[in-house]
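The values are calculated or read from the model by the stated rules, or taken from the named source; none is laboratory data. Being a predicted model, the structure only gives us computed values, none of them experimental. So basically every Cβ, Gly included, is an ideal-geometry build from the backbone, and we count neighbours across all protein chains shown.
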Amino acid sequence: MSRGRSENILTECVVSNQSLYFAFSKGERVRFTKNDYKRDFTNGEQGTITQVLQQDDDIRFTVKLDSGRTVSFYQSDYSDEQGRLQLVQAYACTVYSSQGATVDGDTFVLYTTAMDRAASYVAGSRHKDQCHWFVNGQELDAQSGQADKGQTPDMATRLKTLARCMSINKHKAMASEYIAEQKAEQETQQEASKQAELSNDNELAA
């Protein structure tokens, strides 16, 4: 193979079956997106690129994992059926993929009102030093109810709205709870139907 590029190498990557394009260089923070038991790669594992080299139609990566181990591999050996690299940049991650992670320093969280109590707790507890929250004021104001009246909420109202949004539990109920709820609703409807029939019979008898 001839020697090729070693900086800003653009390639198609995949995470959760979504295609993304990233340019990789030495020093890049990266995250593995697929388990590969043959190479002992774990989905979610992170590291830093110490060398990257494009050689003809392939790319060779050398990554020092946060665990201390250094691994080398070609893109063709760590790709899905469509040839998409199962490696992405790791400067930001979703709340779901950050579960279990600990950041030695500060973290920065982009909050949305779609985040419930559990997601807020996970996002806000990954740091060792400080956690900095960034909130879209307009999105938060829409949840306060004052925006509909043409009013601009003050900071106290915004903080109160934020606390309320963060305390909501959106965890799906267990199947047994759902079935019990449906059964109770059906029984209520049946009782209402019986009461309506009795009322009609009494009116006819009168």
Would you say F108 is of a type in the set (A, V, I, L, M, F, W, C), in contact with a strand residue (DSSP E or B) (Cβ under 9 Å, 6 or more places away or on another chain) and under 27 Å from N8 (Cβ atoms)? yes
Can you tell me which of (1) over 16 Å from F61 (Cα atoms); (2) of a type in the set (A, V, I, L, M); (3) loosely packed, with under 13 Cβ neighbours inside 10 Å is the one L20 doesn't meet? (3)
Enumeration of residues in region 97-126 that are at pLDDT 90 or above, surrounded by 16 or more Cβ atoms within 10 Å (Cβ to Cβ) and among the small types (G, A, S): A119, S120, A123, G124
Considering region 83-96, residues that are at pLDDT below 90 and crowded, with 16+ Cβ neighbours inside 10 Å, and then whichever is nearest to the chain's Cα centre (by Cα), we arrive at V95
Can you name the residue in region 29-61 that is part of a loop (DSSP other than H, G, I, E, B) and charged (D, E, K, R) and, of all such residues, is surrounded by the most Cβ atoms within 10 Å (Cβ to Cβ)? E45
